[in-house]
Each structure stands twice: as C-alpha cells, then as structure tokens.
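Report on the following structure.
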Amino acid sequence: MPVIGHPVALTVEKILFATDFSESSEKALAYVKKLAHHFDSGVTAAHVIDLSLATRSPEAAVGYSLPDLREIGEEGIRKVRRELRLSHIMEKGIVLTGGNPARSIVEFAQEFQPDLIVMGTRGKGNLERFILGSTAEGVLRHVSCPVLTVGPQCVVPEGSDISWSHILYATDFTPDTAHAALFALSLAQADKARVTLCHIIPQRMGECADSLRDAFLDELNCMVPEEVREWCSPQCVVKQGEASSTILKLANDGNADLIVMGVRPAIHLRAHAPAGVTYKVLAGARCPVLTICGTAEVPWNGYFG
C-alpha cells in the first residue's frame, strides 16, 4: 500500500486549543505555545461548559450551577489568553456550551476550520476513561484536521520552540489510516528527524506471524517515497503482541518525541466506548500523539525541494 503523493511542507496558520484546564491541558498548552512559535500560528482557546455537569439550582449543596461553570470557564480562558499574549502569540478565546463536549468542539471546528487541534487527555480511571472517550476520541475521529493529543504521562521538553528528533508512525494498513504516513514523513523532513514505521501483528496470530512478517515489512517500505530516502533511512519494524503496549514500548525504547497514527472516522459521537488501541496509546504515551482521521486534509504550501 504505497503512499499516494509526496511529503509536503505543512502549514499551521490556525491552532484550536481545546482545554478543560486540567493538568494535561496545561501540558498541552506548553505544546501549543511551541507549535505557535514554530509555525507562526494564531491560537484560539476553547472551553466547553458541559451542561450535564451543571446543577439545577444555585443553592445546591453539591456541584456547580450553570452561572458558576460559566464564570469558571470564562476566567480560565482569560488566563490562557493572557499566557499566550505573554508569549507573543496572537490569540482569541471562546466559551462554548453543550451537553456533549466532543460535539461542541467538532461543530466549532467545522465552522472555524483550524489547521490543527491540540488538546490534553486525563488519566486511566473509569471516570477519566469516560471523559476521554466522549471528548478526545470523539473529537479526533470526527474532525477534518490533525489532532495533537497530550496525555497524562507526557513529558514536555524545555525550550520555546519545537523540533522532532524521532517520529514513530504506527499503521494497521487500512485505507483510512495509511495516509497519516504523509504527515509523519513531512514533519520528519522539516527537522531531519529519524523515522520509524511500525506494524503490530496481533498476538492471536501465533506462529502464522512469522510467515507474514516479510510481507508486512515490504508494505511498510512501499509506503516511503523514493525521494524520502535521499535525506533519511526510515526504519521499518514489524512486531507481534498487544498493539498499544508494543507501540508504547517502541516509542519509549527509541526515545520517540512524537507518535503519529491514523484513525478511522466514527459514525456516531458516543458517550462511552471500549478502551481501544488509540485510547491506550493516548493515555500511556510519554510524548504527544498526532492522530489523523481518514477524512483529514493535509494543510500544505507546496512540495519539499
């Protein structure tokens, strides 16, 4: 399944930063600032007031009323905008309201048309899984632009700018996910980064995996255009095991500073979904994860020379 086309110079003029003011969102904001400096981007910070969390009465003993949640949201966005201004970044802010945060972000993104969405994720507990399943995964599977997700295990590098030294691209070879290789290779060329392309054979394949390994390695090599080999020697890796844990181990062992994955578009915005490969990688990665949905378009300004 060769990559159709060539690596392209990505442009990121507009970044949408979706925040819930959590610790992971703070880490995500650090990446927003680095990316904005790197691409000379403007940033719009957005927070969603989840109506399902609001109490019906301001006098309720537990929880927050809608006016309280609005005040918290508006104050939080003001702080984010102030931090962006101090970093000399053009910024805007908006507080959205809805019963489904993912739907609110997706609908705003459809109108705003950002080149990139950046957001944080929470931890691995049941409540956090519910929040992630209904928000981050709901967003990244329904938008037409790449999404950079910063998880709770992510370590933010020092410095004001950003560059990638090792990019890990994971694929299952499905048509919806294969074109994400373009993003991995394009980002790698910009920084002359090392690139690893990997495919994970399910453990249930047993001894049959050995007979498939060479074929999968050939598939990975075919995804790399010849001109890419003029400036780097991508490493192609086929492993057998549980997909998410194997991807995370490859990233950790190789000190990857970015994981790139293609994701299938979802049909419905579900409030909860089983923890799949994408979620487990987002929750466990020590670096950001760039996901590209099968419907995503490549923001570009021409071919690399």
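Of all residues in region 151-200, those satisfying the criterion of being among the small types (Gly, Ala, Ser) and modelled with pLDDT under 85 are Gly159, Ser160, Ala178, Ala190. If I filter region 201-219 down to residues being of a type outside the set (A, V, I, L, M, F, W, C) and either within 29 Å of the chain's Cα centre (by Cα) or modelled with pLDDT of 85 or more (or both), which single residue comes out as surrounded by the fewest Cβ atoms within 10 Å (Cβ to Cβ)? Filtering region 201-219 for residues that are of a type outside the set (A, V, I, L, M, F, W, C) and either within 29 Å of the chain's Cα centre (by Cα) or modelled with pLDDT of 85 or more (or both), the one surrounded by the fewest Cβ atoms within 10 Å (Cβ to Cβ) comes out as Arg204. Whenever a residue of region 62-81 is within 22 Å of Ser24 (Cβ to Cβ), its partners that are open to solvent by 60 Å² or more (accessible area, probe 1.4 Å) and in a helix (DSSP H, G or I), lying with C-beta atoms within less than 8 angstrom and at least six residues away or across chains, give the pairs Tyr64/Leu53; Tyr64/Ile72; Leu69/Leu53. Of all residues in region 271-282, those that are farther than 14 Å from Thr121 by Cβ have Cβ atoms under 7 Å from Cβ atoms of residues that are at pLDDT below 50 and open to solvent by 20 Å² or more (accessible area, probe 1.4 Å), 6 or more apart or on another chain, in His272/Phe130. Within region 202-213, is even one residue closer than 20 Å to Cys145 by Cβ and assigned to a loop (DSSP other than H, G, I, E, B)? Within region 202-213 (the criterion being closer than 20 Å to Cys145 by Cβ and assigned to a loop (DSSP other than H, G, I, E, B)), the answer is no, since none of the residues qualifies. Residue count for region 97-119, restricted to those that are crowded, with 18+ Cβ neighbours inside 10 Å and among the aromatic types (Phe, Trp, Tyr): 1.
When Ala256, Ala181, Ala190, Ala251 are checked against the criterion of being assigned to a loop (DSSP other than H, G, I, E, B) and closer than 23 Å to Cys293 by Cα, Ala256 stands alone in meeting it.
The values are calculated or read from the model by the stated rules, or taken from the named source; none is laboratory data. Treat the numbers as computed from the prediction; the structure is a model and nothing was measured. A quick note on method: Cβ atoms are made from the backbone with ideal geometry, for glycine too, and the neighbour counts reach across all protein chains shown. With ligands, DNA and RNA removed, areas are computed over all heavy atoms of the protein, side chains included. Shrake-Rupley method; radii C 1.70, N 1.55, O 1.52, S 1.80 Å.
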